[in-house]
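Peer 1: After the structure tokens below, expect a handful of questions from me.
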Amino acid sequence: MAKTDFKTIDEYHQTFPQDIQERLQTIRDLVHKIAPEAEEVISYQIPAFKIGKKFLIYYAAFAKHVTVSNPWSDALLAEFAKELKGLKVSKSVIQFPSDKPLPVDFLERLLKFRKGETEAAK
């Protein structure tokens, strides 16, 4: 990934192979479904979505995984502890290996939870 001055999410997506682009687009589509009011932005040179001034979620692609990220709350990590087992998780990043199907149902529930947290923080 040579380009490092992305202006749009489309520019970011286009730097990856088709299979990775599809995974990234799935995450993007889920965000638009759950938070249609969210604004697409590039932050730290990766795709992100904001509701007002609060970041809902970031996501990114790497050679062997895609990530969703945000400083996760303890409540979120506790709520999804079962689903997070077996994934590489930190206080701010969840990695989804590229050799496994993207857990769309889990991502949808995670995004709904984050949207609730974002709205509560206003």
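Peer 1: Can you give me the number of residues within region 16-67 that are within 17 Å of Leu102 (Cα to Cα) and of a type in the set (Gly, Ala, Ser)?
Peer 2: Looking only at that region, the number is 3.
Peer 1: Now a separate question. Just checking, does region 3-18 include any residue being out of contact with any Pro (no Cβ under 7 Å at 6 or more places or on another chain), surrounded by fewer than 18 Cβ atoms within 10 Å (Cβ to Cβ), hydroxyl-bearing (Ser, Thr, Tyr) and closer than 20 Å to Arg114 by Cβ?
Peer 2: No: region 3-18 contains no residue that is out of contact with any Pro (no Cβ under 7 Å at 6 or more places or on another chain), surrounded by fewer than 18 Cβ atoms within 10 Å (Cβ to Cβ), hydroxyl-bearing (Ser, Thr, Tyr) and closer than 20 Å to Arg114 by Cβ.
Peer 1: With respect to Ala48, determine if the residue is touching a helix residue (DSSP H, G or I) at 6+ places or on another chain (Cβ under 8 Å), crowded, with 19+ Cβ neighbours inside 10 Å and of a type outside the set (Val, Ile, Thr). Even if it seems obvious, please write down each step before you answer.
Peer 2: Details: touching a helix residue (DSSP H, G or I) at 6+ places or on another chain (Cβ under 8 Å): no; crowded, with 19+ Cβ neighbours inside 10 Å: yes; of a type outside the set (Val, Ile, Thr): yes.
For Ala48, the condition - touching a helix residue (DSSP H, G or I) at 6+ places or on another chain (Cβ under 8 Å), crowded, with 19+ Cβ neighbours inside 10 Å and of a type outside the set (Val, Ile, Thr) - is not met.
Peer 1: Right, next: Would a scan of region 52-68 turn up a residue that is over 24 Å from Ala120 (Cα atoms), of a type in the set (A, V, I, L, M) and modelled with pLDDT under 95?
Peer 2: Yes: one or more hits.
Peer 1: List the strands (runs of 3 or more DSSP E) inside region 1-95, counting only whole elements, that have at least 3 residues being touching a residue at least 12 places away in the same chain (Cβ under 8 Å) and under 21 Å from Asp105 (Cβ atoms). If you could, list the steps in order and put the result at the bottom.
Peer 2: Numbers: elements: 39-43, 46-51, 54-61, 65-69.
Filter on region 1-95 gives 54-61, 65-69.
Peer 1: So how many residues does region 105-122 have that are farther than 15 Å from Ala60 by Cα, touching a residue at least 24 places away in the same chain (Cβ under 8 Å) and surrounded by 12 or more Cβ atoms within 10 Å (Cβ to Cβ)?
Peer 2: Filtering region 105-122 for residues farther than 15 Å from Ala60 by Cα gives 105-106, 108-122.
Of the ones still in play, those that are also touching a residue at least 24 places away in the same chain (Cβ under 8 Å) are 106, 108-115, 117-119, 121-122.
Next, from what is left, pick out any that are surrounded by 12 or more Cβ atoms within 10 Å (Cβ to Cβ): 106, 108-115, 117-119.
Total satisfying the criteria: 12.
The values are calculated or read from the model by the stated rules, or taken from the named source; none is laboratory data. Please read all numbers here as calculations on a predicted model, not as lab measurements. With ideal geometry, Cβ positions are generated from the backbone for all residues, glycine too; neighbour counts draw on all protein chains shown.
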